[in-house]
Structures are given as C-alpha cells and as structure tokens.
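In what follows, a single structure is set out as structure tokens and then discussed.
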Amino acid sequence: MPQSNFELRRKLLQLEALYDVGRALNTLRPEAELLEELMHRAVAVLDATTGFAFSLDEKLTVQQLFTFELDVPAPAVILNEPPVRQVIASREPMSVSVSKFLGGAGSDLLIAPMVAGETIIGVIGVGGKEVRGEKSGVFLEDDLRFLESLAAIGAAAIDNTRRFHRVNLMRETLEDENRSLKQRMLRDYNDRLMVGDSPKMQRVIDLVARVADSQANVLIRGESGTGKEMVARLIHGNSPRKDGPFVTINCAALPETLLESELFGIERGVATGVEARPGKFELAKGGTVFLDEVGDIPLALQAKLLRVLQEREVEKLGGRRRIPIDVRILSATHRGLEDMIESGEFRLDLYYRLKVVEISLPPLRERKDDIPKLVRFFLDKYGKREGLKDVRITQEALQNLMRYPFPGNVRELENLIEGALALTTDPVIDPGDLLLPATPESGDAGALSGDMPSLEELESRYIARVLAHTNGNMSAAAKILGIDRKTLYRRRTELQNASPGDSWDVH
C-alpha cells in the first residue's frame, strides 16, 4: 500500500509539472529560454543527474544547446552519440542504458524527440536517476511518458516562436515594400503634377505643398481626368498622417444603403446573413479618408456625414454605440456644389465643413502649353515600360494633340500616348498611331483643312517625320528625301518661317 501511494503521488507531481510547464511556455519567448526551461524542468521532475536539450534547423544542424552536468566541447558533437542519432531517425522516444555518453561515464538515459507536425525541431534527454529514500535509481516507464509529453509541449512552444519570427519578418518585409511602393507612387504623382509651367498648375502645386502639413479638410474640384485623387494622395503622402492608411470611397458608385454601411460600418444581424464590419472612417484610423464624388452623396446621408465631421464619432448602421474617429477628410467632386445648394440637393453646412481649403484643378484645354511637356513625360514613362529607347513624336502628331479639346483631360492624354506606344512599330509616333476620336468640330472648315492639308503642309510634315526618324541627322534625312543637305536646310528654314506658330518642342 505505501508503494501505491508513492506511485500515485509521483504521477500527480508529473501531471502538475506538465500543467505548470504548459502555462509557463504559453507565451512567446526566445528559443534559448524555452530550451533551458525544458531541460531544467525535466531534470528536476525526473530526479536526473544530467540533462540536455537542443534545437535543430531544417538541415538537422544544432541551433541552440543547453546541458546540465555534461561537458560538450561543441554543439555538433552531441549528434555523434548513437542514442541521439537513433531518436532523430526514428522520431520515437527511447529508454536505454549506455556504457559512456559524451565522453563521460555511462548511465540510464531517457531521450525524446521534439516534433512539430512533420518536422523534428529538437531533442531533450536526461540521465542518471538519483536514489532518494525508498525510491530506486532506475527510470520507469511513466518517466519516459512524462519526458515525451514535455517534449511535445516544448516542440509546440518552439514552433510557435519560430512561426512568429517568420511572420514578423514577413510583416517587416511587407511594410518596407509598402513604404517603398508608396514613396515611388508619390514620386510618380509628384513628377506628373510638376509637369507644366501654366500659372493655374503652379497655383495647385503651391496649395498642395502648403495644405499638406495641416489637419484641415480639403475640397478638390475639377473635371473628370484632371487628377483629383492624385492630388489627394499627394496631400496625404506629404502630411503628418502619411504612415497611416489612405482609404478612398467613390460616393457615386454605391446606392444609399450600401454607401452608409461602407462609410460608417454595420452591426451583425441588421439583415439576414450580415456580419459586423467596420466602416471606412474606422479603417482609416490615424490616416486619411478620401470621399471621391462627394457631390453624389444622397441628401439624407449628408446629415449623418455632417454629424460625423462635427462630433468626430461614428455610429454603425444598426448600432447604438458611438465610436470615436481620428481621420483627416479630403473630398473631391466635378459637380457644381453651389448650384446644388441653390436647388436643395446639397447641404450648405456640409459644404462649408468640407471646403475649409479648396483646390481647383484646371482642365487640360485651359493649359494647352503644358501638353508638349506632358507628352514628353508620358513618352518616357511608357516608352521605358515597352522597352523603347529614344521615343519621339512627329510635329504633325503633336499638332493634332494641340488642336484636340481633350474632354477627358490629362487622363485621356495619358491613355492616348500609352495606346500609341503599344501600336507603333518604331520609336517615332506619327498621326496614324494616335487613336484620336472624332470631335464635334470635325465638320467645320478649319477641321476640314486640317484633314486635307496643302501640298506645302504635307511636305513640311514629311520632312519633320524623316528628321525625327534620323534623330535630326541632316545627312541621313537628305539621303532618304533624295535631296542634298543644302537644299534640306533651305526647305526646313522656309517651312519653319512659313508657319512659326505651329511648332512645339517636346525634347
């Protein structure tokens, strides 16, 4: 009977030890700390005189090694011991008696693998059980089961630590890549915005630089294709909130009920199968919300948006709890909000809340002198992407662009240049490469003369095309044209003097 009580008490102590170890290793800790903890727990509970624990990488190389009362000259030496090699190969625990171990005296050994999934990530072992009172100095079967359980707990803890380290490394890598992409995108936007010398665009650039550092709401106005979202991203990217999210929503693309849930969030159970989700204002915490086409927000929803702007709190659709928000609001529209206010379609108080600072983007037809520089910018951008070097455009093609009204503004110009580079068979874009749509003016006399040029204009266009093709090499151009260089110089001078206002430089 005393022996049975002793065995029962020993098993209870081992269970308590496993419970304590599970709790102790439940938090993320460095791999070295985990191994040391496992080894000391095994030695203490099993009354061992020696102990060891080591971790392995995917190539079965020892990463970390801890020993108790054992002398190991180098971590790799422990892999030379036959019992250790056998446990690694079989991935099964073993109890064995050896005549010597690690150059020391022999003893009874208990060794267990630490396996996570299909991967062995370490080994733990103890040796030389102490004799205490009535207890024998021999390891029992329960002792091996305890060490096996301890190894399983340790394997899970080490695996979690390694997984967390990998995920953390991936997160840091993704954050670095995200920052790099943001910076590259901002450079692209900034380069494009800086193209052009027109006073109206210089005013826009000045306002963007001055308003970026503030927390004021900004209303960006302009026709479709003028770059309203680009300006919004530039403001955010140069603001104190640049490390926070930039969350955009197109207010014209969603019906009223869906727009409300997208902006403010929705609670679970509002409708069948609906799960709770945060709105854009919550998602943009610490960053910027961009309300594109804000003039299309329904009147009923404008009141709720005004309350959010005033109180800096949102209430989810179907919810009662108010959630504080920390965002800057940028908005954009192509509509005439003043006319909408007169007709009762837009709230005057919301208008003033959104328009603390206003930035108006001019249409491309009001800054035509910037077209050659924009063409050069897009030629370089898409020429590089298509693998084309020294991409140019003929004077005739550029003249066609200068005459076109561009209802789609800079976006339309960019698409035209991108399409032309996809169609051209050489680095020179001519009128045939430009897919310009027909304009309402195409039926008047001026447009007709442009479509049916005079013989002199055709000659001018052809000479310009050949010069562009030869990179301005007069000798090569004269050879193609079948005239001598002196004649080519004279004809070019005559043609330039005949139409001085129709030549633009994009180089």
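The values are calculated or read from the model by the stated rules, or taken from the named source; none is laboratory data. Predicted, not measured: the structure shown is a model, and the values here were computed from it. Cβ: placed from backbone, ideal geometry, glycine included. Neighbour counts: every protein chain shown. Surface accessibility is based on the protein's heavy atoms, side chains included, excluding ligands, DNA and RNA. Shrake-Rupley method; radii C 1.70, N 1.55, O 1.52, S 1.80 Å.
Quick one: P(r) of region 259-390 from all Cα-Cα pairs, 10 Å bins, percents rounded to integers, in order of increasing distance. Spelled out bin by bin, region 259-390 gives 10, 31, 24, 18, 13, 4, 0 percent.
Of the cross-linked pairs K384/K479; K389/K486; K304/K355, those separated by over 25 Å at the C-alpha level are K384/K479; K389/K486. Only Cα pairs under 8 Å and 6+ residues apart enter the sum, and on that basis the relative contact order of the chain stands at 10 percent. Applying both filters, DSSP loop and at most 11 other Cβ atoms within 10 Å, to the trypsin sites (Lys or Arg not before Pro) of region 112-176 gives R132. Rolling a 1.4 Å probe over the heavy atoms of the protein chains gives the chain an accessible area of 53 Å² per residue. Residues V126, V72, sorted by accessible area with the largest first, give V72, V126 [1.4 Å probe; ligands and nucleic acids excluded].
In the chain, helical runs assigned H by DSSP with n ≥ 4 each contribute -39500 (n - 2.57); averaged across all residues and rounded to the nearest 500, the mean residue ellipticity at 222 nm is -15500 deg cm²/dmol.
Here the simple spin-label model places points 7 Å from the Cα toward Cβ, and for H165 and R203 these points are separated by 6.0 nm. Taking the DSSP bridge list for region 261-350 and keeping only pairs wholly inside it, about 45 percent are antiparallel.
The relative contact order of region 219-331 comes to 30 percent, based on Cα pairs under 8 Å that sit 6 or more residues apart. Considered as an equivalent ellipsoid built on the Cα gyration tensor, region 36-172 has semi-axes of 27, 16, 13 Å, the largest given first. Overall shape of the chain was characterised from the C-alpha gyration tensor. The equivalent ellipsoid obtained from it has semi-axes of 75, 36, 16 Å, in decreasing order.
Here the chain exposes an accessible surface that is 51 percent carbon and sulfur, computed with a 1.4 Å probe and the other protein chains kept in place. Ranked from largest, the principal axis spans of the Cα set of region 190-319 equal 56, 28, 25 Å. Listed by chain and number, the lysines placed with their C-alpha closer than 18 angstrom to that of K100 are K129; residues fewer than eight positions away on the same chain are left out.
Fully extending the segment from D57 to L436, taken as 0.36 nm per residue of separation minus the present Cα-Cα distance, adds 130.2 nm.
To the nearest 10, the accessible area of F164 is 110 Å² with a 1.4 Å probe.
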